[in-house]
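Everything below concerns the one structure shown next.
The values are calculated or read from the model by the stated rules, or taken from the named source; none is laboratory data. Here the structure is a predicted model, which is why all the values come from computation and not from measurement. All Cβ positions, glycine included, derive from the backbone under ideal geometry; neighbour counts span all protein chains shown. Accessible surface areas use protein heavy atoms only, side chains included; no ligands, DNA or RNA. Shrake-Rupley method; radii C 1.70, N 1.55, O 1.52, S 1.80 Å.
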2 protein chains.
Amino acid sequence: MRDRIRAEFLHIEREAGSDAEFAVKAWVRPDPSGADGGGGVMSLLRGKVLEKAGVNVSTVQGTFAPEFAGGIRGASVEQPGFYATGISLVVHPANPHVPAVHMNTRYLETTGGWFGGTTDLNPALPYEEDTAAFHAALETAMGADYPAYAEEARRYYWLPHRGVERGVGGIFYDHRDSGDWDADFAQARAVGETFLRAYPPIARRRMHTPASDADRAAQLAYRGRYAEFNLLHDRGTIFGLKTGGNIEAILMSLPPLASW
Amino acid sequence: MRDRIRAEFLHIEREAGSDAEFAVKAWVRPDPSGADGGGGVMSLLRGKVLEKAGVNVSTVQGTFAPEFAGGIRGASVEQPGFYATGISLVVHPANPHVPAVHMNTRYLETTGGWFGGTTDLNPALPYEEDTAAFHAALETAMGADYPAYAEEARRYYWLPHRGVERGVGGIFYDHRDSGDWDADFAQARAVGETFLRAYPPIARRRMHTPASDADRAAQLAYRGRYAEFNLLHDRGTIFGLKTGGNIEAILMSLPPLASW
């Protein structure tokens, strides 16, 4: 999935006459016990169309610190072991008419195991057509789960101090354990597949739209709101930063340039 | 103090041939009980030397929500009343050689009353001469309290995920109630006076220094770190945003432009 996303992003860059490439960087998670803590690989593109696009994969294992163990399903101070693997993607495009986008799928194991996934569209200058196409693709892929997953995204990507959603929504779910591991894995994969099918056409439709200085200013202000969400509310960002995660990988999600 | 700071900032702008002015905006704090909740006045300058400078005053009163009352000295669920007044200042200068700076003094009353104050220097491109001058002025003004206040600033302005201080320090203190109200008030005023004496010469010394694209890039990255601190750790920002404060006034502290 990571490789196919990277290839598609590079296709888009080439179509715009850019020879930008991903910078790929592996990192190792030092486990406090000295055991193999796993690690990950960051892929970061600073492109012409995709001003900043990161596609990270990570697979980590170990034991939760006592102050966190109680907050994770299936974990406890007595049973603090975990295994977590996932793919995380954020795109901040250059053209203000192209929406930013975020996608993440993950699998966690403690004393139980479950999948989670999300993708949400973040246009500085929203187009109803793009929002509708993005949601339609998710509805098709998620089927009967779409309404609940879309509602959860509305709740999750909410900026209480501004009283607005971060973007125009998408889906968010966690703790997916239906009893059918293969079906749950297929659903998590479908989040990635749907992203890969739905986002590139939107990007291609808008990447050549002329943008004014006012459009760019609106985009930079919108990205400020995006940074606020990630630093104030995003569970993964805060958890990662406060538990000594790889800050380069975690902060990959922050915009290349933002204004306040 | 607010008026004198604004006048000094406009002097600096005029010396650079700019006719920038402060935009002044009053806001009212709606108290949930319907009583007079107080309010404040924001003064925001978008200048040539001082790319973004805000000088806010606020005086608010009311009762703390039950979930916060327990965390504030002298307050409790049974005694949730408070009165708070203060002045807050943040400068993000245009030239990367001019340091950003922050200053705040405040007086709080619950069942007790106390002063607090802070100022810290945030240079993207630090000059030892500026850091030394800033700290020397604070040491002179704070006297015997300087070492403890400077140490508290080192603790407070710390970014744990990066393992660095936000800037090059200054002073930070809270809960100052020596028993001599007039002396404590004089000390809080001295924080402002010291800022007003120490910062403008530093700004004037650097404002005409030629800056390269690399200098500007370093400044924008440094400002990202500043935004991280304020959104992840700054007590006033988080408290304000999570309790429905005036977001325009609270986010005044965020940089005009930042990069990641």
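Structure summary
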| read-out | value |
| --- | --- |
| Difference of contour (0.36 nm per residue) and Cα-Cα distance, A:Arg235 to A:Arg2 | 81.7 nm |
| A:His11 paired with A:Arg154, simple spin-label distance in nm, labels 7 Å along Cα-to-beta-carbon | 3.4 |
| Heavy-atom accessible area, 1.4 Å probe, ligands and nucleic acids excluded: residues of region A:147-181 down by at least 10 Å² from chain alone | A:His161, A:Arg162 |
| Label point at B:Thr111 placed 7 Å out along Cα→Cβ; residues across region B:69-95 whose backbone nitrogen lies under 12 Å | B:70, B:73-81 |
| For chain B: relative contact order, % (alpha-carbon pairs under 8 angstrom, 6 or more apart) | 16 |
| Hydrodynamic radius (Kirkwood) for chain B, which is based on Cα pairs only, to one decimal in Å | 19.0 |
| In Å, descending, principal axis extents of the Cα set of region A:173-260 | 52, 36, 18 |
| CD proxy at 222 nm, helix term only [per DSSP H run n ≥ 4: -39500 (n - 2.57); per residue of the protein assembly as shown; nearest 500] | -12500 deg cm²/dmol |
| Hydrodynamic radius of region B:87-135 per Kirkwood, over alpha carbon pairs, in Å | 12.4 |
| Unit Cα scatterers, Debye sum, the protein assembly as shown: log10 I(q)/I(0) for q = 0.06 Å⁻¹ | -0.32 |
| Cβ-placed point charges (K, R +1; D, E -1), dipole of chain A about Cα centre in debye, nearest 20 | 660 |
| Farthest positive-ward along region A:2-253 dipole, Cα basis, beta-carbon charges - from A:Ala221, A:Gly116, A:Ile171 | A:Ala221 |
| Where region A:201-260 is the region considered: accessible area per residue in Å², 1.4 Å probe | 39 |
| R0 of 45 Å, Cβ-Cβ distance A:Ala217-B:Arg204: FRET efficiency to nearest 0.05 | 0.90 |
| Spherically averaged projected area in nm², based on the convex hull that wraps the Cα atoms of region A:78-203 | 8.9 |
| Gained length - A:Arg46 relative to A:Ser178, 0.36 nm times residue gap less alpha-carbon distance | 43.6 nm |
| Rough spin-label spacing in nm, given labels placed 7 Å along Cα→Cβ, for A:Ile72 and B:Val28 | 5.0 |
| C-alpha long axis of helix B:2-15 to longest principal axis of chain B, angle in ° | 10 |
| Partner aspartates and glutamates for A:Lys25 [C-alpha distance under 17 Å; skip if fewer than 8 residues away on the same chain] | A:Asp3, A:Glu248 |
| Rg ratio (alpha-carbon, reference 2.2 N^0.38 Å) - region B:50-143 | 1.41 |
| Exposure of A:Ser76 as accessible area (Å², to 10), given a probe of 1.4 Å and all protein chains | 30 |
| Sulfur and carbon atoms: percent of accessible area, region B:2-253 [1.4 Å] | 55 |
| B/A buried area, accessible surface, summed, 1.4 Å probe, Å² | 1900 |
